[in-house]
Amino acid sequence: MHAFTNCTIYTGEEVLANYAVLIENEIIVDVVLQEDISKDVFCFDLQGFDLLPGLVDLQLYGGKNGFFVRDLSEESLTDMVQTHRQDGTVGLVPTLYSTSHERILKAIEVTKSYIGAGKTGVLGLHIEGPFINFTKRGAHSAHAVRVPTKAEIAEIIANCEGLRTIMTIAPEIWPEELLQLLQESDIILSLGHTNATYEQAKGYFNSGIQLATHLYNAMRPFESREPGVVTAIWDTPTVSASIIVDGYHCDYATVRIAKQLMRERLFLISDATLAKIEPMRFEFEDFIANYDGHRLLNDEGKLAGSAITLLDAVRNCIHNVGIPKDEAFRMATMYPAQHLGLGDKFGRIKAGYSADLVVLDNTQMPQSLGTDSRSGGATIVG
């Protein structure tokens, strides 16, 4: 058994000082007062830093080298996991942008194989498109975006059995019978890349869709006479939404307004096309992303994902939006874990939860304290 001591512990429910986290076999055993630790327990002194649950990212496409929709390989998933783990993401959901039916099926197969082999870090699969609204496709391929057929939806549902799967759709382009078929499956639906009206969006939310993909981006905006998808999300207490806080997808003021309105219903994603890269031009099929060291744009000037990690989004929330630290941490840990159905394993520092934890200094920079990155089940990042 090991213990992490001399730290501020962000449990997800409260902030604790003078407490310690007891860990055995990569599982949290208990959170106790430091003075109550047995003398035979080996202690890691965290030097007064912050200790929080590992981050969980529900939407990202690549790491430093791997780009999953291109590679469709376990090696690509490993690169994603290793790249984002450097900044404390311990669980991620590799994401496909709009692509062919064959690539979707291959991605499902590879993701299942990776998880089935006992490899850690990948929690499921996010299929973002191709069944989205052409007018709100953003950087998605104009050739790939399409209305679904019954055959391909039935095959995707069958192949996704046993795999936690999120699918971003624009339900207004779907035939009603196919939308019902999808809603009867175990796939988690998220409304996004949509041009639905306020009334249409409210109808889809009332029928059971409870998530929305990257608030503000690629959806009908708020207007005085047509409140749009954005307002439907704000106005529906059962709906949560992801948001990309990289300083480019949304102005920080709009993030602050959304947080005031939605509170715990707003959570973070990185939307990382690639991460920890130098300025470059990236091309795959007709997807193009030019990275200038700050943002990714295609040749039309449209945003093509981000180049941040989830921890970058957390820092932006704290330093630029003004969200309190404990809540910014929850937006990248507890809330996404709950939406993936893993709220009983990730997102809290509590007995029975994963001991993949993150240590940050007071500026939210990862800290390496000279211990092995898996010592005691903790992720000492940096």
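Nothing in this text is a laboratory measurement; each read-out follows from the coordinates by a stated rule. Remember, it's a predicted structure, so these values are computed and weren't measured experimentally. Note that each Cβ is placed from the backbone with ideal geometry, even for glycine, and that neighbours are counted across all protein chains shown.
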Original post:
How high is the relative contact order of the chain, given as a whole-number percent (alpha carbon pairs under 8 Å, six or more residues apart)?
Top reply: 20
Original post:
Looking at the square roots a ≥ b ≥ c of the eigenvalues of the Cα gyration tensor of segment 231-375, which shape do they give, rounded for a/c under 1.5, prolate if a/b is larger than b/c, or oblate?
Top reply: oblate
Subject >> Size of segment 143-246 as Cα extents on the principal axes (Å, biggest first) >> reply: 42, 30, 27
Original post:
Please state the relative contact order of segment 91-218 as a whole percent: Cα pairs under 8 Å, 6+ residues apart?
Top reply: 24
Original post:
Taking the Cα atoms only, what angle lies between the long axis of helix 252-262 and the longest principal axis of the chain, rounded to 10 degrees?
Top reply: 90
Original post:
What fraction, in whole percent, of alpha-carbon pairs in segment 81-148 exceed 15 Å separation?
Top reply: 58
Original post:
How would you rank 126-133, 160-167, highest first, on the average number of other Cβ atoms within 10 Å across their residues?
Top reply: 126-133, 160-167
Subject >> At 1.567 mPa s and 4 °C, Stokes D of segment 210-278 from Kirkwood alpha-carbon radius, µm² per second >> reply: 103
Original post:
Kirkwood-based Rg over Rh for the chain (C-alpha set), two decimals?
Top reply: 0.97
**OP:** Within 10 Å, count the other beta carbons around each residue, average over each peptide in 170-180, 326-336, and list them highest first.
**Re:** 326-336, 170-180
**OP:** For an R0 of 41 angstrom, estimate the FRET efficiency from the Cβ-Cβ distance between residue 278 and residue 319 and round to the nearest 0.05.
**Re:** 0.95
**OP:** Would you mind checking 106/150; 202/276; 64/302; 39/350 for any pair whose Cα atoms are more than 30 angstrom apart?
**Re:** 202/276
Original post:
Magnitude of the Cβ-charge dipole of the chain, K/R +1 and D/E -1, about the Cα centre, nearest 20 debye?
Top reply: 500
Subject >> Separation of the residue 35 and residue 82 label points, Cα + 7 Å toward Cβ, nm >> reply: 4.6
**OP:** Specify the inter-centroid distance of segment 14-34 and segment 302-356, based on alpha-carbon positions, in whole Å.
**Re:** 20
Original post:
Under 12 Å from a point 7 Å along the Cα-to-Cβ line of residue 235: which residues of segment 172-207 have their amide N that close?
Top reply: 197-203
**OP:** Using the Kirkwood radius over Cα pairs, work out the Stokes-Einstein diffusion coefficient for segment 239-324 at 4 °C and 1.567 mPa s, in µm²/s as a whole number.
**Re:** 95
Original post:
When ranked by the protection proxy of mean other Cβ atoms within 10 Å per residue, highest first, what sequence do the peptides 90-100, 207-217, 17-27 form?
Top reply: 90-100, 207-217, 17-27
Original post:
What nm distance separates the two modelled labels at residue 1 and residue 300, each placed 7 Å from Cα along Cα→Cβ?
Top reply: 5.9
